[in-house]
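Below is one structure, written out as structure tokens; comments come after it.
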């Protein structure tokens, strides 16, 4: 099977940390014998043409100096910044449609797998017209909430994208529910798989915690509003100094939210309890997962109405036998069952979050039980073999839908009649 993945951003160079779970998925499909290629925008006039042996087709859409709508920051955030970014999506859509038409006239694909269907469903539709491929759209949730909150006039486009797809897939049951509000059709849920299933061999096991050791709380992710990190900082402040605790915040945060968090840490006098080193190399990230006592994902619904599509960092933490605490929002509930695979708290509630932290810090048997159950759950439901099997079934269904959609030629009709 030849599969073309249409994406917003893809690694521009080795060690460019963009969608590592997707890169791993494509590599595994390639290892299974499929031909896998990627269609992605250029960045500032260029970009690589291969990543980890995956052929990459980049398209141009703007003068190189200003060709930065994607990759470094979420497109919705960029669009709000200036007039230039407001007009660039039109050129992006036109450039992508033209480029994918040319590509698919030269090369034929069985499946065109569209990530971020706003606006990439247009690219998938053009590709299908050009080479007859089956079209699969994968919905993350943020594009649905973006349209509902900021661009309601695009709801008709959402409905068209869902209806025109041969298969529609959501990464979480919450996202599937949002799609169902637009169009009534079956929507299978295929989540991310775990990026790294176990700690590397050179990472020592988590040491046993003694009474005077700080309880190490870990957050991993971009420092943006919907991650709700300010409520985690507030929760740690509420416990200080009753419980010795250290908060490690790993993630990109050069913008306004990162500055606000640093100011919050300073104003609360938590400089000796909170570390914010920013984004760290992968080996250091592995060590952080292996040595922490709990991972917290305190996500909220932000001002745009956006929230957590799934929470893949929870899967990574659970694969490390690390108990987790998370907010009861979005796709997180597909991963965390309260009191079973982790603890859930209401979003934007530092009091409840502090209580959950205290509960795990003072109840080692509970923390161990949640860690055991979480790792089992990840292995059973989010392993690579399970996810690959679900995608294989999805592609087969898409090919069958595309076959039924195609008109039967007159020659075929004559043959059948004869």
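Values in this text are rule-based calculations from the coordinates and carry no lab data. On a predicted model such as this, the values are computed, not experimentally measured, just so you know. Cβ atoms come from the backbone with ideal geometry, glycine included; neighbour counts cover every protein chain shown.
Miscellaneous remarks
- Per-residue packing, averaged as other Cβ atoms within 10 Å, sorts the ranges 168-175, 34-41 into the order 168-175, 34-41, beginning with the highest.
- Backbone N within the range 120-142 under 17 Å of label point (7 Å from residue 98 Cα along the Cβ vector): 123, 126-127
- Put simply, the Cα atoms of the chain extend 84, 48, 41 Å along their principal axes, the longest span coming first.
- Taking the chain and dividing mean pair separation by its residue count, relative contact order in percent (alpha carbons under 8 Å, at least six apart): 14
- Cβ crowding within 10 Å ranks 338, 272, 166 as 272, 338, 166, fewest other Cβ atoms first.
- Highest average packing first - 307-315, 122-130, 259-267, Cβ atoms within 10 Å: 307-315, 122-130, 259-267
- Reported to the nearest whole Å, the Cα centre-to-centre distance from the range 30-95 to the range 148-198 is 22.
- For the chain, the mean residue ellipticity at 222 nm estimated from helices alone is -14000 deg cm²/dmol, where every DSSP H run of n ≥ 4 contributes -39500 (n - 2.57) and the total is divided by all residues, rounded to the nearest 500.
- Residues 120, 237, ranked from the fewest to the most other C-beta atoms within 10 Å, line up as 237, 120.
- Placing dummy labels 7 Å off each Cα toward the beta-carbon, the span from residue 400 to residue 84 is 5.0 nm.
- Cα shape, the range 56-189, gyration tensor, a/c 1.5 rule: oblate
- Inter-site label distance for residue 263 and residue 372 at 7 Å from Cα along Cβ, in nm: 4.7
- Cα-only radius of gyration and Dmax that characterise the range 81-154, units Å: 13.7, 39
- Convex hull volume per residue, computed on the Cα atoms of the range 215-380, equals 100 Å³.
- Relative contact order (%) - criterion: Cα under 8 Å, at least six apart; region: the range 215-380: 25
- Ordering of 292-305, 362-375 by burial proxy (mean other Cβ atoms within 10 Å per residue, highest first): 292-305, 362-375
- Distance between the C-alpha centres of the range 212-268 and the range 345-390: 19 Å, rounded to the whole angstrom.
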